[in-house]
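Written below as structure tokens is the structure these notes are about.
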Amino acid sequence: MRESVRQAVSFIHRRYAEPITLSDISSEVFVSPFHFSRLFTQEVGISPGRYLGAVRMFEAKRLLVESSMNICDIVHSVGYNSVGTFTSRFTRLVGMSPREYRKPPVGRLLVAMSRNFNRMPQDAELAGLRTSAHERAGRGTGSVHGMIELPRPIPDGRLLVGVYAADVPQGRPVAFRVLPTAERISFAIHGAPPGEWNLVALAMRVGATGGCDAMIGSLPRRLTVRQNSNTWTHLSMRRMKSTDVPLAFSLAPAPVAETATLACG
């Protein structure tokens with residue numbers, strides 16, 4: 001990866017709480033905004049603006065779960081000026097409001113992967129958890145089967161493999177499986193609704209930790225799922241890099257989203 005992209009990612013992580021722009025980031029690495037945006041997207045997989053938004057959303061989720069800060073302070077601490085804008089965006093991306101995200105079941109089922117904060121729920125929390133709301137509702141669904149290869153097993157590790165609507169998951173996967181880690185893992189995800197989906201796999205040690213030996217894998221293109229059919233695939237995972245997009249989402253079922261906007265005094 002180019003050094004200018006690494007420097008830009010580091011800049012975003014240092015300054016995400018400030019009102020930075022594409023020009024600010026490109027100036028930091030002495031590249032024109034147009035050329036920098038194209039280069040960054042090619043190297044990282046998403047645009048600098050989307051990367052900045054993902055970092056802000058990740059930090060907001062971490063603070064909602066880990067801290068006692070009030071929500072309005074969290075909003076401003078991650079670079080948003082408008083509480084209403086943040087609340088609307090958070091609810092749309094995540095599937096629940098910031099207030100709902102603070103409820104204990106959501107935090108206990110948080111999955112997070114970044115360069116300094118990783119979490120995989122305990123087995124006791126995962127036990128009995130429905131892995132597809134669509135399967136439960138009795139809708140016509142399909143299944144995703146395949147093989148996942150890891151460079152090496154992770155002691156006390158778990159693998160979460162799921163299908164998501166977005167290429168940068170923010171909310172609960174539409175269907176998923178959690179399995180013990182090994183060098184080769186066969187999997188089957190049932191209850192995936194028909195459509196085009198992103199397949200993403202995360203592997204790490206169970207529990208809440210700081211930076212750890214985490215692994216990630218995703219398909220280069222969307223996976224097609226058809227009703228009452230099996231889709232087969234193969235996925236190779238790699239160790240997470242410091243430039244990867246930070247990911248955080250809860251496996252807790254999403255409640256009916258709140259519509260009220262937060263008011264800060």
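The values are calculated or read from the model by the stated rules, or taken from the named source; none is laboratory data. Values in this document were obtained by computation on a predicted structure and should not be read as measured data. Virtual Cβ from ideal backbone geometry, glycine too; neighbours counted across all protein chains shown.
Values for this structure:
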read-out	value
Subset tally (residues that are within 21 Å of A252 (Cα to Cα) and either touching a residue at least 40 places away in the same chain (Cβ under 8 Å) or surrounded by fewer than 18 Cβ atoms within 10 Å (Cβ to Cβ) (or both)) for segment 65-97	15
Within segment 101-166, helices (runs of 4 or more DSSP H) holding 2 or more residues that are in contact with a helix residue (DSSP H, G or I) (Cβ under 8 Å, 6 or more places away or on another chain)	104-108
Unique residue being at pLDDT 95 or above and either assigned by TED's automatic domain parsing to the domain that holds D123 or closer than 30 Å to V83 by Cβ (or both) when the list is R205, R152, R184, R239	R184
Sole exception among (1) more than 26 Å from K241 (Cα to Cα); (2) modelled with pLDDT of 95 or more for G146, by number	(1)
Checklist (1) closer than 30 Å to P253 by Cβ; (2) free of Cβ contacts under 8 Å to residues at least 60 places away in the same chain; (3) not β-branched (V, I, T) applied to R2, failing item	(1)
Elements of type strands (runs of 3 or more DSSP E) in segment 194-242, at least 3 residues being among the small types (G, A, S)	195-205
